[in-house]
Amino acid sequence: MRKMRRVLLACVLAAFLRQACASTSYTQFKQKTAMIVDGKAAPGSRIVFTKPQIDAFLNEEAIRIIPGSVYGAHVELGYGRAAGGASVNFVKLLQARGTTPGWLFTKMFEGWKPVRAAIRVQSGGGQATIYLDKLELSGMPVPNMLVDFIMRHFAQSYSPDIRLGKPFPLNHRIERLELAPSGLAVVIWR
């Protein structure tokens, strides 16, 4: 019985510490973002967002923007590349946006679906371009027609400037974005 209590206490403590770390990482992400948006980043500076900070931001923002629709968002970072995933309930996602999905959509997409994506980013001169290399839903590749639908009805409603494969402007004196295994660096113009 004593061993069971220790295991239970360890599980509760681990969950609490994980949440505390996520909250700290989210706070750090928001502070760095505010520094950039408010124009307080020094000219020529590199502000690095670490993987834990990006993961915390993705999860906190998903809860805030589309509650009950996404969980477990995470990224893996590489040089000029990123991959990531989450579990998504597309029916709840549409309902959160005020849309009633049809019967067929509900039958096809009800419940939690694992979504994975891999992207490449090119950036410089105050612009960035995102290239989608792969998008998977429940382990199956998503056809381009469905990618276009997802971009139009989900992603662009939250970030209207972003178009896959097309340059978009970086605001707030950002010169370029640099992806590396250590994190996402935002480089401010000199």
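The values are calculated or read from the model by the stated rules, or taken from the named source; none is laboratory data. Predicted model, so just to flag it, every value in this text is computed and none were measured. Cβ: placed from backbone, ideal geometry, glycine included. Neighbour counts: every protein chain shown. The area values use the complete protein model at the heavy-atom level, side chains included, leaving out ligands, DNA and RNA. Shrake-Rupley method; radii C 1.70, N 1.55, O 1.52, S 1.80 Å.
Structure notes:
- Largest accessible area first, the residues Thr106, Thr129, Thr100, Thr27 order themselves as Thr100, Thr27, Thr106, Thr129 under a 1.4 Å probe with ligands, DNA and RNA left out.
- Rg/Rg_globular for segment 64-103, with Rg_globular taken as 2.2 N^0.38 Å and Rg from C-alpha atoms: 1.50
- FRET E, pair Ile63, Arg173, Förster distance 30 Å, beta-carbon r, rounded to 0.05: 0.50
- Environment charge of Pro114, counting only residues whose C-beta is closer than 14 Å and scoring Lys/Arg +1, Asp/Glu -1: +2
- Its residue count N fixes a reference of 2.2 N^0.38 Å for segment 86-142, and the Cα radius of gyration divided by that reference is 1.48.
- Label-point separation in nm, Gln127 to Lys40, each point 7 Å along Cα→Cβ: 3.2
- In nm, spacing of pseudo-spin labels at Ala185 and Thr100 (7 Å Cα→C-beta vector): 5.3
- Electrostatic bookkeeping for Gly72 treats Lys and Arg as +1 and Asp and Glu as -1; over the other residues with beta carbon under 12 Å from its beta carbon, the sum is +1.
- Spin-label pair Ser138/Leu164, simplified geometry with 7 Å Cα→Cβ offset, distance in nm: 2.0
- Cβ-defined net charge surrounding Ala180, 14 Å radius [Lys, Arg +1; Asp, Glu -1]: +3
- Rg(Cα)/(2.2 N^0.38 Å) for segment 46-190, N = residue count: 1.09
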